[in-house]
Each structure stands twice: as structure tokens, then as C-alpha cells.
Amino acid sequence: MANTVKYGIIGVGMMGREHLINLHHLRDQGVAVVSIADPHIPSQQLALNLAQSFHWPLKVFSEHKELLDSGLCDVVIVSTPNMTHYQILMDIINHSKPHHVLVEKPLCTTVTDCKKVVDAARKRPDILVQVGLEYRYMPPVAKLIEIVKGGTLGQVKMVAIREHRFPFLIKVNNWNRFNVNSGGTLVEKCCHFFDLMRLFADANPVRVMASGAIDVNHKDEIYDGKVPDIIDNAYVIIEFENGSRGMLDLCMFAEGSKNEQEISVVGDIGKGEAFVPESIVRLGTRVAGRDGVQTLKAEDSRIKYDGLHHGSSYLEHLHFLSAIRAKGGQAPAVDLQDGLISVAIGVAAQISIEKARFVTIKEVMDDHNSK
């Protein structure tokens, strides 16, 4: 046990338990979950049942501060409701004992809070913080990233991402039904896609224009006398510093889709596409035309558990563990700046819908209208 990396999970709802299962499948890498913290007793019990089936004894806390003060953990995973991330992260970063952190997306619900976390973390070089933007690791997406970075498509000009899927799942106390808790659909869900667009474009965003609405989902739901205000569909256009453009097509009442995500990247030489969950990548060049398009099956033999995100959470943990073991010699694969900018794009898109105009990233980053 001397070299075991000991994990604590703060928030053991659906994603917290998903992290627990992923870490169990990494047990041969010298990891163990030793504690959890969650005020919700049913979630605690479900996590305990899982841990018992893995023969992992857990210390259970109601509050995250108790877990931090226990000194049991080297690493903490934050998988609590979005609106709690800021305070929990600040408590971890400011704690006398250093804890490495994997925080679920979005980093925080506002740009202001994200920036405060980034500033606080700069003062703690003994702590690694990785943001859970794990879509980068889905095998077809990772393969497309490799193709783009290899220059096969030339200079990227356009990135289009379509997510057509089911509505938001039910969460504890229905916290995800309201913008004030989630940051809004385009922050909560779509920070994944804005992160990928920035990665493909290899540039930072400049301005955002969006159109969206609540057209189908949650309109007949009422919680504490309030009707949900989260949008269920949108188009978002992002312009990047290098002239590249990105477009998101989101629909959350499209259960009749073959693929949940379809990603298209077009450069001045060729085009690449990734399809999830089909796990297929298509690749073609302008010169070879339609007849020259290749279809590749994307797989990653390292994945021991597919889980809820097609093995990407497993690979995320593998990469983060590698950074932890490098003891300062390796940065987290997805850092706080990545988390901040993915939220900033989402916030800009939410404001654009509300105000029916382009919104610059600068005005959002300068904290105007960012709350």
C-alpha cells in the first residue's frame, strides 16, 4: 500500500460512482478509493455498495471539508453539482495538505469563479488540477485529433459538431433543470464541444453568436413552483483568432439518431469526420475526392471499461495518474486554462441568445455580463 495513490471522491451521484468504477478498473495501476463525501444519503449508500463489491473499504463523510481534513487522500475527484464546484475547489486549493484534483466539467458556472480558481491554483505549484473534459479521449475523437495535428487536412478552416441526443437526465434534487445551478445548457453540456473546437482550430476564440430555445423538453415540469429554464436546442457559431470557424448544432430531443456526436473538421487539403458511438473515422482529401475517402475503425486497446463515455473516462484517469506520478514533470492534459475558456465560450453563447447579438470573448473575460 506504500506506493498506492489514494483517492477521495467528493460527490458520489451518477458521475461520482462512474469515477469509482473506472478507478476500480485501474486497481492494477496502484490506485484505491479510500473515502467519499456526499450529504445525500442514498448516493452514499449506492457508492458504498459498489465499493463493497470491489472489496474497497471506504471512509464516508457528509461534507467535503471533513474528507480534506482526514488526511486520507492524495487525490480528490470533484463530481458534485456545477454550482458547488467553485467553493469546493477553493477549499481544496487553500487546504494545508496538498490534494491533486480532477474536477468534472464545467470548471465553474461563471467566468468570474473560473478565473478566481485559476489565480488561486497558481499559488499552489504542489497541486495538479485537471478538468474533466474527457471527450478528447473518446477513441474516434482522439484519432481525429491525431489526424488534424499531423497536418493531413492542412490548415483547419471549419469545425462542425453535431450533438443530437436525449434530454438531460434526472439528477439529485433536479439541480440541472435551472441555469443558475448549471451555468446553462451551453456551459453545462457544451463546454466539451467548445474545448474540442479550440483544440482542432489550434487557436483561441474571439466572438460567439448563438440562437437557441426551450422547444420540447421540461416544459411540463415544475420544481418548487418553478418551471425549468434550460434550453434544449441551439446553433452556436464561434470565430477564432486564426480565422477558423466552429459551429455547434445541439438538439436534446433527438433520440432517433444513429450517432450522438458527429464531428467534421475541414482544412484546405482535406476533411476528417468522427462518429460516436459508431467509433468510426472518415478521412478524405480534395485531390482524391469522394472515391478516395477512407473509413477507419477507432479503438484503444488500453481501455478496460467503456462506461458511460465510451472509455474516455478510463483514459482520462490513466493520463491524470501518469501526471501525478511524474511529480511535477508532467502537466495535466486538460488544464485550468482549458476549463476556463470552454466555460467562457458557453457563457458568451448563453448571453448571445439572450441579447440576440454577437458576444466577444473579451467582454466575457472582462467579467461584463459573465454572471
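None of the figures in this text is laboratory data; all of them are computed from the coordinates on show. A quick note: this is a predicted structure, and the numbers were derived from the prediction, not measured. Every residue, glycine among them, receives a Cβ derived from its backbone with ideal geometry; neighbour counts consider all protein chains shown.
Here are some notes:
- Pair list, Cβ < 6 Å and 6+ apart or interchain, from region 191-202 residues that are within 15 Å of A142 (Cβ to Cβ) to residues that are part of a helix (DSSP H, G or I) and among the β-branched types (V, I, T): F200/V148
- Any hit, region 142-156, residues being without any contact (Cβ under 8 Å) to a residue 60 or more places away in the chain and under 19 Å from L248 (Cβ atoms): yes
- Selection from region 200-213 of residues that are under 16 Å from V266 (Cα atoms) and either of a type in the set (D, E, K, R) or crowded, with 20+ Cβ neighbours inside 10 Å (or both): F200, A201, D202
- Restricting region 2-54 to residues that are exposed (fewer than 15 other Cβ atoms within 10 Å of the Cβ) and β-branched (V, I, T), the residue that is nearest to S79 (Cα to Cα) is I41.
- Residues satisfying the stated conditions in region 284-308, i.e. surrounded by fewer than 12 Cβ atoms within 10 Å (Cβ to Cβ) and hydroxyl-bearing (S, T, Y): T295, S301
- For region 236-281, filtering for residues that are within 24 Å of V206 (Cα to Cα), free of Cβ contacts under 8 Å to residues at least 40 places away in the same chain and more than 22 Å from the chain's Cα centre (by Cα) leaves 1.
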